[in-house]
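To keep things clear, I will list the structure first and then write my remarks on it.
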Amino acid sequence: MSLEEYKGVFIFAQQVDNKISSIALELLGKARDLANDLDTKTVTAVLIGSGVASLTDELAEYGADRVIVVDDPELKEYRTEPYAHALASVINEYKPEIMLVGATAIGRDLGPRVSARVHTGLTADCTQLEIGDFPLVAVPGKEDEQKHKQLLMTRPAFGGNTIATIACPDYRPQMATVRPGVMQKIAPNKGAKAEIVNYNPGFTPDNKYVEILEVVKEVSNVANIQDAKILVSGGRGVGSPENFKLLEDLAEVLHGTVSCSRAVVDSGWKPKDLQVGQTGKTVRPHVYFAIGISGAIQHVAGMEESDIIIAINKDENAPIFDVADYGIVGDLNKILPELTKKLSAEMAAKEA
Ligand SMILES: Cc1cc2nc3c(=O)[nH]c(=O)nc-3n(C[C@H](O)[C@H](O)[C@H](O)COP(=O)(O)OP(=O)(O)OC[C@H]3O[C@@H](n4cnc5c(N)ncnc54)[C@H](O)[C@@H]3O)c2cc1C
């Protein structure tokens, strides 16, 4: 493998039902940053589907300089085999230096399969990506072996107890998956246009192709906590599912949404869709209330990028206070009704 042949930052532009998934736009934002630090500044989105040509402008507005479109009736719904063939073929043909994929249900299926096909490594669930030297610090006496402009992929390791930075210096592309909500979209540049490249490697259905007989859509009554501007999040300290009423009242006054820690989900008090953290969702609201949440590293990993963090905990030494902008030490059962009452009066005065 000649590493020099591999150039540019590519992202897999996931679409479902011919709608670009938010993760694709988030990856474009990060790809733009990475490309600026590399010699080849081009950001390429790989758009795979059937009848998807109209989606290219949106990708351009969010930072794609070029869109490689693989459009084929075989790609109407996501299926592992034809999608893996499409993406692996694009990589073999266009040789990206970096390939980013969303750690969605689709991306988690697709990414590792493609990396195996093109014979490279993949780092899953990255929380940080940057361009730098590898090893991070040159080994004394072996300074000339240190490689520059490598993709440094950082992710929690060993059950979230440490953070590992991983590189892939000897193979290309350097592949990473990133969970939704971790990276930020750039402000769209309305009217921006990208170079469009149509590419079709040919699809020959074989016995590995899954046949989709019916698609049944899940109807979810649960709010998407990743879209919320204000999250009122409860932990085991809330004490019972019924006591979440205190949090719901506060959320209602602030037009916010209730979310929770994993302890709450494990206790069966709230559905998994509301869980914040390493094995839940990564959120970035304007205001995050952490109520009766201790602040375990796995929880903090999912909310530390919130603009303002307000913690309520009866234990003044709870680690959540290390990441909080404002902290209230005390019993949530006493504080919440008071807080809700005060805020309700203030909101009413403001709206009057
Ligand atoms: C691999 C792995 C992945 C994980 N992923 C996640 C994840 O995605 N999300 C997640 O949240 N956790 C995750 N965890 C679990 C995590 O380690 C913690 O166990 C969990 O976050 C604890 O939840 P908690 O803070 O609600 O409960 P606790 O740690 O029990 O904390 C309860 C807090 O409530 C306070 N409290 C109690 N009563 C009151 C009261 N009346 N008023 C005020 N405060 C009160 C206590 O002082 C305490 O600080 C993961 C763990 C592992 C090993």
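The values are calculated or read from the model by the stated rules, or taken from the named source; none is laboratory data. Remember, predicted model here, so these are calculated numbers, not experimental data. Neighbour counts run over all protein chains shown; Cβ positions are idealised from the backbone, glycine included.
Brief remarks follow.
- If the condition is being part of a loop (DSSP other than H, G, I, E, B), near the ligand (Cβ under 8 Å from one of its atoms) and touching a Pro at 6+ places or on another chain (Cβ under 8 Å), then the range 270-317 contributes Gln278, Ser294, Gly295, Ala296, Ala301.
- Given (1) buried (at least 19 other Cβ atoms within 10 Å of the Cβ); (2) assigned to a helix (DSSP H, G or I); (3) of a type outside the set (Ser, Thr, Tyr); (4) under 22 Å from the mean Cα position of the chain (by Cα), number of the condition Arg108 does not satisfy: (1)
- Restricting attention to the range 274-287, the residues that are touching a strand residue (DSSP E or B) at 6+ places or on another chain (Cβ under 8 Å) and farther than 12 Å from His299 by Cα add up to 4.
- Of the residues making up the range 58-71, those that are outside any helix (DSSP H, G or I) and crowded, with 20+ Cβ neighbours inside 10 Å are Tyr62, Gly63, Ala64, Asp65, Val67, Ile68, Val69, Val70.
- Residues being on the phi > 0 side of the Ramachandran plot and surrounded by fewer than 17 Cβ atoms within 10 Å (Cβ to Cβ) - total across the range 146-179: 3
- Identity of the residue in the range 186-223, acidic (Asp, Glu) and more than 24 Å from the chain's Cα centre (by Cα), that ends up farthest from Ala88 (Cα to Cα): Glu214
- With respect to (1) within 12 Å of the ligand (Cβ to nearest atom); (2) within 22 Å of Gln128 (Cβ to Cβ), the lone exception for Asp325 is condition (1).
- Residues located in the range 54-81, provided they are of a type in the set (Gly, Ala, Ser) and in contact with a helix residue (DSSP H, G or I) (Cβ under 7 Å, 6 or more places away or on another chain): Gly63, Ala64
- Against the list (1) within 16 Å of the ligand (Cβ to nearest atom); (2) surrounded by fewer than 10 Cβ atoms within 10 Å (Cβ to Cβ), the condition Gly191 fails is (1).
- One residue stands out among those in the range 224-241 that are part of a strand (DSSP E or B) and either over 20 Å from the mean Cα position of the chain (by Cα) or within 11 Å of the ligand (Cβ to nearest atom) (or both): the one that is surrounded by the fewest Cβ atoms within 10 Å (Cβ to Cβ), which is Val232.
- Restricting attention to the range 9-57, the residues being over 17 Å from the mean Cα position of the chain (by Cα), among the small types (Gly, Ala, Ser) and surrounded by fewer than 20 Cβ atoms within 10 Å (Cβ to Cβ) number 4.
- Near pairs, Cβ below 9 angstrom, 6+ apart or cross-chain, from the range 231-249 (assigned by TED's automatic domain parsing to the domain that holds Ile335 and free of Cβ contacts under 8 Å to residues at least 60 places away in the same chain) to any residue that is assigned to a helix (DSSP H, G or I) and more than 11 Å from the ligand (Cβ to nearest atom): Val232/Leu247; Val232/Glu248; Val232/Leu250; Val232/Ala251; Val232/Leu254; Gly234/Phe244; Gly234/Leu247
- From the list Val182, Val219, the one residue that fits, being in contact with a Cys (Cβ under 9 Å, 6 or more places away or on another chain) and either at positive phi or assigned to a loop (DSSP other than H, G, I, E, B) (or both), is Val182.
- Tally, over the range 164-192, of residues that are in contact (Cβ under 8 Å) with a residue 12 or more places away in the chain and closer than 16 Å to Gln128 by Cα: 16
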